[in-house]
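Nothing in this text is a laboratory measurement; each read-out follows from the coordinates by a stated rule. Remember, it's a predicted structure, so these values are computed and weren't measured experimentally. Cβ coordinates were reconstructed from backbone atoms using ideal geometry, including for glycine residues, and neighbour counts include every protein chain displayed.
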Amino acid sequence: MVSKPGAEHTESIRDSLLCLKCSYSLRGLSGDVVTCPECGERLNIVALVTQQWHDPWFHAPLYLVLAIPSVWAFLILIIAGISFAVSSAQPTALPIAFAVLLGGAAVWLALIYLAAKKFGSLEGAYLAMFVHLLLGGYFVSCFGVIGSIIGLIGAVLGGGGADVLLQGGIILVVCIGIVVAARVGERFVARRCIRQHLRRLSKV
Ligand SMILES: [Zn+2]
């Protein structure tokens, strides 16, 4: 499940790379790090492609394969959470909640296995796990930002104390920090995906 545009984008950037020192074309030279045949400069191909990447990071080849288990996990947790909440009023919902959780966990394991298989190494499984953190970070910070903005507006309109404003402000700053960290994490995953894709290309 390599996303076509991402793969093409990676390859077109790769093919257009020039030596940073002498502008000699680096096309056709294989390896993560290459030596310019013209001037001898050592160049990190993966770093150069990542620098020139302007699409969203999740468009990187193989990225979606790594992201599917985390999307699945969040869906299952939400459905199971609702089922557990309902079960406090409706005890018959409890077995359904457990069934969703167990069945969901089994599918999740299979998706992690598939991620590693399609990625072509165990690194795919580690990266897929890591993507959960990123998705969780976005999820939490999204709610945090909305919550703190509503809180701040409420505090301003209702003439709330400085401590309420301060609290809302701190939450907002923390959430923005989480988003920035998640962006860095996404870039890291995308870079590993690009590296893996280029390595596969050079083997063909
Ligand atoms: Zn050169």
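Taking the 0 to 90 degree range and rounding to the nearest ten, how far is the long axis of helix 63-87 tilted relative to the main principal axis of the chain, both from C-alpha atoms?
10
Rounded to the nearest Å, what's the spacing between the alpha carbon centres of segment 108-132 and segment 56-85? Just the number, please.
Going from one Cα centre to the other spans 13 Å.
Less than 12 Å from a label point 7 Å out along the Cα-to-Cβ axis of Y24: which backbone N atoms in segment 49-67 qualify, by residue?
So the set is empty, nothing qualifies.
Using a simple spin-label model with points 7 Å from Cα along the Cα→Cβ vector, what separation in nm is obtained for F98 and L157?
Once both label points are built, they end up 4.6 nm from each other.
How far is helix 162-203 tilted off the main Cα axis of the chain, in degrees rounded to 10, range 0 to 90?
Its long axis makes an angle of about 40 degrees.
Return the FRET efficiency for the residue pair F143, V33: r is the Cβ-Cβ distance, R0 is 35 Å, and the value is rounded to the nearest 0.05. Each step should come with its number before you reach the end.
Numbers: r = 42 Å, r/R0 = 1.20.
E(calc), rounded to 0.05, equals 0.25.
Name the most mobile residue of F74, F188, F98, meaning the one with the largest mean-square fluctuation, in a Gaussian network model of the chain with Cα contacts below 10 Å.
In the Gaussian network model the winner is F98.
Ratio to report: Rg/Rh of segment 75-143, with Cα atoms as the point set and Rh obtained by the Kirkwood method; give two decimals.
Numbers: Rg = 15.1 Å, Rh = 13.6 Å.
Rounded to two decimals, Rg/Rh equals 1.11.
Explain nothing, just compute: Karplus ³J(HN,Hα) = 6.51 cos²θ - 1.76 cosθ + 1.60, θ = phi - 60°, for every residue of segment 109-126 in order, whole Hz, x for Gly and Pro.
Values per residue, Gly and Pro as x: 4, 5, 5, 5, 4, 4, 4, 5, 5, 6, 6, x, 6, 4, 4, x, 5, 4 Hz.
Taking 0.36 nm per intervening residue step and subtracting the Cα-Cα distance, what contour gain separates R199 from F84 on full extension? Walk me through the numbers before you get to the answer.
Working: separation 115, 0.36 × 115 = 41.40 nm, distance 4.56 nm.
Extra length available between R199 and F84 comes to 36.8 nm.
Using alpha carbon coordinates only, what is the Rg to Rh ratio of segment 4-59, with Rh defined as the Kirkwood radius? Write down the numbers at each step before the final one.
On the way: Rg = 11.5 Å, Rh = 11.7 Å.
Ratio value, two decimals: 0.99.
Nearest 10 degrees is fine. How inclined is helix 4-16 to the longest principal axis of the chain, computing both from alpha carbons?
Once rounded, the angle reads 40 degrees.
Apply 1/(1 + (r/R0)^6) to the Cβ-Cβ distance of E123 and N44, taking R0 = 22 Å, and write down the FRET efficiency to the nearest 0.05. Numbers along the way, then the final one.
Numbers: r = 18 Å, r/R0 = 0.82.
Computed FRET efficiency for E123 and N44: 0.75.
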